[in-house]
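Trainee: Input: one structure, supplied below.
What follows draws every value from the coordinates through simple rules; no lab data is involved. Because the structure is a prediction, the values reported are computed rather than measured. All Cβ positions, even for glycine, are placed from backbone atoms using ideal geometry, and neighbour counts span all protein chains on display.
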């Protein structure tokens with residue numbers, strides 16, 4: 001495929017080679033920026049399904065924390081997105097955590113507020129961080145928050161103890177890295193909760209070698225979920241307040257739980273995006289027959 | 001002869017992770033996503049030269065911040081790149097071209113050829129018969145085509161479109177998502 005702009009390709013390659021040659025070892029040069037702090041965190045931001053509205057995915061923490069004054073929602077052509085006013089009836093019906101009255105301990109940490117409101121990824125989705133409810137019960141110091149966003153989205157922040165320690169610094173700058181810190185921030189359509197929330201997971205930066213930190217939301221009544229991985233044993237996680245999280249030894253390729261409507265099993269090819277693949281079977285069939293007619 | 005590693009099967013996340021030590025990995029990222037980034041910026045700026053300039057700034061920023069990409073496995077870097085592109089575009093409205101900070105930091109000075117600019121111009125003119133995106137868009141299933149056109153090209157919000165089309169926002173998102181996925185696949189196969 002011919003490049004549209006081969007000049008940029010050439011210039012980028014020269015620049016990349018210069019940078020690579022000037023560094024003593026891979027990756028180090030990138031970590032020295034940001035006022036001597038470590039800007040790289042094991043943070044996953046997966047907002048919307050495959051949006052190309054400029055709002056998707058791991059998006060542009062680059063520049064966000066280094067600019068001093070942050071312009072909320074400036075990512076949307078100057079149009080501020082109004083956060084969702086309240087959970088939808090569907091959300092409260094399927095997620096007891098969102099029915100609970102707010103308590104002071106539900107407050108989302110400032111770092112995640114920043115991520116969900118002042119980055120392109122979160123800012124365009126209308127996440128209402130003030131409606132966050134914390135999931136309790138995780139045994140090893142983990143914490144999770146669930147909150148609504150626009151267009152029927154439900155957002156999840158799940159963090160292990162190290163990540164919580166990492167973000168505890170009261171600063172708008174990316175915090176100093178704590179080994180083993182892993183977290184996931186993701187928003188998905190609430191319609192996917194009962195049929196299996198598309199998994200959110202990421203490569204661990206400091207967790208066990210070869211393992212991925214993953215987390216998700218399940219409907220009321222689900223006490224555990226089993227995640228299958230390609231070429232490895234499945235892992236079962238307990239559910240606390242509609243949320244589960246933990247490490248899996250590889251790339252996930254299935255999820256199984258017993259929901260209010262019976263057993264739910266979703267499978268997908270390991271390495272593909274469950275969010276895209278995880279349509280119910282009936283939907284997939286319909287999509288194939290009608291060239292993408294969607295459910 | 002320099003033997004280049006084959007990155008064609010690597011995920012975007014892997015490519016970006018390897019960029020610091022293997023510059024050729026970033027070339028693959030550029031090759032995969034150049035067209036959509038150019039089209040995205042060309043449609044917004046209406047100026048081939050500015051679109052090329054902002055494309056360079058977008059990928060230069062991505063190169064500088066490659067270690068910050070934390071995509072889901074299988075979830076490519078396109079959304080991340082378009083977020084950067086949008087940011088570059090909005091700032092580009094206010095800043096002089098010479099202030100492109102990422103390009104400056106990387107020592108990138110560009111001289112875009114007329115032939116390249118002509119190719120970019122095809123993306124600007126939606127009615128241009130040579131606009132490859134237009135043809136690919138037209139080939140999408142109608143529901144996806146309309147959703148992509150309205151939300152991505154016309155930048156209309158999901159909620160407004162959902163009301164108009166009388167479908168749920170989640171359905172609309174899926175239409176856009178699948179339409180874009182098809183476009184990406186088609187662009188990668190396009191022998192242009």
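Trainee: Looking only at other chains, what is the average number of their beta-carbon atoms within 10 angstrom of each beta-carbon in B:165-178?
Mentor: 6
Trainee: Separate question: Which order do the peptides A:240-253, A:6-19 come out in when sorted by mean C-beta neighbours inside 10 angstrom, highest first?
Mentor: Those peptides, ordered most packed to least, come out A:240-253, A:6-19.
Trainee: Counting other C-beta atoms within 10 Å, which of B:146, B:12, A:182 has the fewest, and how do the rest follow? Mind dumping the intermediate values first?
Mentor: Values: B:146 18, B:12 24, A:182 31.
Placing the least packed residue first, the sequence is B:146, B:12, A:182.
Trainee: Fewest to most neighbouring Cβ within 10 Å: what's the order for B:124, A:167, B:84?
Mentor: Going from least to most buried by this count: B:124, A:167, B:84.
Trainee: Moving on. Please express the shape of the range B:1-68 as an equivalent ellipsoid: the semi-axes are the square roots of 5 times the eigenvalues of the C-alpha gyration tensor, given largest first in whole angstrom.
Mentor: They are 25, 12, 10 Å, listed largest first.
Trainee: Here is a further query. Among A:254, B:21, what is the fewest-to-most ranking by other Cβ atoms within 10 Å?
Mentor: B:21, A:254
Trainee: Also: Just checking the output field for B:19-26: average partner chain Cβ neighbours within 10 Å of each residue's Cβ?
Mentor: Mean partner shielding for this stretch: 6.
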